[in-house]
Structure formats: structure tokens, C-alpha cells
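The values are calculated or read from the model by the stated rules, or taken from the named source; none is laboratory data. It should be emphasised that the depicted structure is a prediction, and the values quoted were computed from it without experimental measurement. Here Cβ is always computed from backbone atoms with ideal geometry, including for glycine, and neighbour counts include all displayed protein chains. Areas reflect the complete protein model, heavy atoms only, side chains present, ligands, DNA and RNA absent. Shrake-Rupley method; radii C 1.70, N 1.55, O 1.52, S 1.80 Å.
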Amino acid sequence: MKIEIEQYLPHIRPWVESLANTFPGKQIKPQFAVWEVGHILSLIVLGGTTILMNLRLLGVGLTAEPPSEVYRNLRFWQNVGIIGIVFTGVAIGSANAERLYDSAAFIVKMLALLAGIILTYGVSRPVAAADGAVGPMQKVWFALGSAVFLLGLWVFAISDLVNVGVYHIITAAALVVLFATRGRLRLVYLGVLSAMIVAQYVNTHILIKPDDYDHLNPVNKAWTVAFSTWIVGAALFQLFRAGRGPEGGPLTKIIAYATILVWVMGAAAGRWIAFA
């Protein structure tokens with residue numbers, strides 16, 4: 001399936017095609033690589049500081065300080081990151097508009113950006129500032145941000161050519177759950193996950209020929225569902241088994257997971273724009 005801006009707004013193609021030859025696209029295009037580096041660095045700053053803050057809400061990472069202190073130390077750089085992403089994104093987008101117009105990955109990236117801003121500024125930052133307490137408004141913003149996040153994930157999963165990028169998100173989720181789980185559960189989780197990875201490799205590289213796509217595609221989809229189910233199940237089991245800790249209860253930690261993964265989705269979509 002193809003989901004592109006062109007499907008819904010075909011009449012704006014002439015305007016899109018003209019952007020690379022007008023200001024600022026015309027001026028940006030000769031220095032496109034420089035602006036692209038700025039965009040990536042901005043994403044690293046925003047994503048890195050947001051991940052650190054939300055790992056603290058999960059009870060891992062910078063645990064020597066309360067979440068509110070971690071938030072105060074990182075909020076300036078989060079603001080720098082989001083300003084940089086928007087500014088450089090508009091610049092390189094205007095110089096590369098025609099490719100984005102035909103890209104499902106671009107739609108995913110924009111949904112991830114919207115969901116990321118909502119979940120970061122409307123939910124996880126206020127929750128971290130309150131040392132894990134989730135107020136009524138944060139619950140409303142979380143519901144809205146999660147809906148946009150899930151919409152972006154759905155578009156990513158059903159779009160031809162780029163849908164394998166969902167594995168970036170699954171891998172990130174697997175690693176975050178590994179860091180967040182503790183004790184015997186971590187060993188069980190890692191053992192089962194490792195066994196599943198080995199079984200998938202044997203199934204899709206030995207038992208099924210690498211070029212037998214008629215059989216590989218449904219098998220890979222089944223393994224994707226299996227991986228996702230195991231990762232989410234282990235995370236939920238850990239959350240509700242641990243109950244409420246000094247960083248907050250299960251909802252606080254679900255917010256942290258979602259906020260981390262939405263920025264991973266944005267980075268993964270950006271990586272797959274070139275392959276659309």
C-alpha cells in the first residue's frame with residue numbers, strides 16, 4: 001500500500017515542484033548536506049536528552065537525581081533540539097520537496113514529530129517536573145499524543161518499501177525493556193528474545209530459501225507480531241509487578257516508553273525517506 005501526500009493533495013504538485021527553485025530552497029540546495037547534518041545533530045540533541053529524562057522515569061539511567069532535577073538540567077537542550085529540528089527541517093524540506101511529496105516515510109516522520117512534541121512537552125516534561133505524578137491534563141495530552149503515535153506506526157507498517165523500518169522501533173523497544181527490567185525477569189526476557197531471534201534466522205535463512213518471498217513475507221510478519229507481543233508483554237509484566245515506585249506508577253512508565261519510542265520512529269522514518 002502507498003500512502004503519500006500526492007494521493008490527498010494532487011493539485012499542489014506544481015507548487016511543490018517550484019519550491020526547489022525559489023527561496024529558501026534554491027539557496028539551501030547547494031549546501032544541502034550541511035543543513036542535513038544540522039538536522040541530524042538537532043535530532044540527536046532532542047532525542048538524547050528526552051531519552052535520558054524518560055529513562056529516569058523508568059527508574060534507570062541517571063538515578064542519583066530525582067526526575068525533576070534531571071528535567072531541569074535537560075530542558076534547555078530539549079528546546080534547542082526542537083528549534084533546530086523545525087528550522088533545519090523546513091530548510092531541507094523546501095530544497096527536497098518533490099521527494100517528500102511522494103514519500104510515505106515523510107508522513108510518518110511528520111506524525112512522529114507531532115506526537116513527539118505532544119508527548120514530550122505536554123506529558124513527559126510536566127510528569128518529570130512533578131517527580132512522576134501524572135495530572136488530569138497530562139492524561140488528556142497522553143491520549144492525544146498516543147493516538148497520533150499509533151497512526152504514524154500504522155502508516156509505517158503498511159507502506160510499501162519502508163515498512164521494514166518498523167524493525168528499528170521494535171529493536172529500540174527491546175533494548176529499553178532490557179534496561180528497565182530487573183532481576184530474574186531480565187534473564188528470562190533476554191533468554192526468550194534471543195531464542196526467538198535464533199529461531200527466526202533459522203526459519204528465514206535455512207528452512208526457507210532467501211529468494212522465496214511468497215513464503216518469507218508471511219513468516220516475517222508472524223515473527224514481527226511474536227517479537228512485539230513478547231516485548232510488550234514483558235514490559236507490562238514488569239510495570240504492574242513493580243507497582244508504584246519513587247518515579248511514579250505504571251502510567252508514568254508507559255508515558256516514558258511511548259515518548260522514547262516516538263522519537264525513535266521519527267529518526268527511523270527520516271532514515272527511510274531516501275528509500276521511498
| Percent carbon-and-sulfur accessible area, the chain, ignoring ligands, DNA and RNA, probe 1.4 Å | 71
| query | Per-residue accessible area for His215 at 1.4 Å probe radius, Å² rounded to 10? | reply | 110
| Which whole-Hz couplings ³J(HN,Hα) result when phi for each residue of the range 82-97 is put into the Karplus expression 6.51 cos²θ - 1.76 cosθ + 1.60, θ = phi - 60°, listed in order with x for Gly and Pro? | 5, 5, x, 4, 5, 5, 5, x, 5, 5, 6, x, 5, 7, 9, 5
| message | Placing unit charges on C-beta atoms (Lys and Arg positive, Asp and Glu negative, everything else neutral), compute the dipole magnitude of the range 195-276 about its Cα centre in debye, rounded to 20. | response | 340
| Residues of the range 196-264: accessible area per residue at 1.4 Å, in Å²? | 56
| Check Leu62: other-chain or 5+ apart residues with amide H under 5 Å from its amide H, H built from backbone geometry? | Arg56
| Among Asp102, Asp211, Asp160, which one shows the biggest mean-square fluctuation in a GNM of the chain, springs joining Cα atoms closer than 10 Å? | Asp211
| remark: Sorting Pro24, Gly93, Tyr257 by the position of each Cα along the dipole of the chain (Lys, Arg +1; Asp, Glu -1; all at Cβ), the one nearest the positive end of that ordering is Tyr257
| field | For the range 121-276, the spread of Cα positions along each principal axis, largest first, Å | value | 54, 39, 19
| query | Given springs between every Cα pair under 10 Å in a Gaussian network model of the chain, which of Thr171, Thr63, Thr204 has the largest fluctuation? | reply | Thr204
| query | Mind ordering 255-262, 21-28 by average Cβ neighbours within 10 Å, highest first? | reply | 255-262, 21-28
| request: With springs connecting C-alpha atoms under 10 Å apart, model the chain as a Gaussian network and identify which of Arg56, Arg75, Arg13 has the largest mean-square fluctuation. | output: Arg13
| remark: Over the range 1-89, with neighbouring protein chains present, the accessible area per residue in Å² at probe 1.4 Å is 58
| note | Taking 0.36 nm per residue of separation between Ala199 and Val164 and subtracting their Cα-Cα distance, the length gained on full extension comes to 10.7 nm
| task | In whole Hz, with x marking every Gly and Pro, tabulate ³J(HN,Hα) for the range 25-36 from phi via Karplus 6.51 cos²θ - 1.76 cosθ + 1.60, θ = phi - 60°. | result | x, 5, 6, 6, 3, x, 10, 4, 4, 5, 5, 5
| message | Give me a comma-separated list of calculated 3J(HN,Hα) values for the range 149-159, in order, Karplus coefficients 6.51, -1.76, 1.60 applied at θ = phi - 60°, integers in Hz, x for any Gly or Pro. | response | 4, 5, 5, x, 5, 5, 4, 4, 6, 9, 8
| field | Principal axis box of the chain, alpha-carbon based, largest edge first, Å | value | 58, 53, 31
| field | Per residue solvent-accessible surface (Å²) - the range 117-168, probe of 1.4 Å | value | 45
| In nm, what is the difference between 0.36 nm times the number of residues separating Val225 and Thr63 and their Cα-Cα distance? | 55.0 nm
| Loop-resident sites, the range 179-226, for trypsin sites (Lys or Arg not before Pro), counting at most 16 other Cβ within 10 Å (DSSP) | Arg182
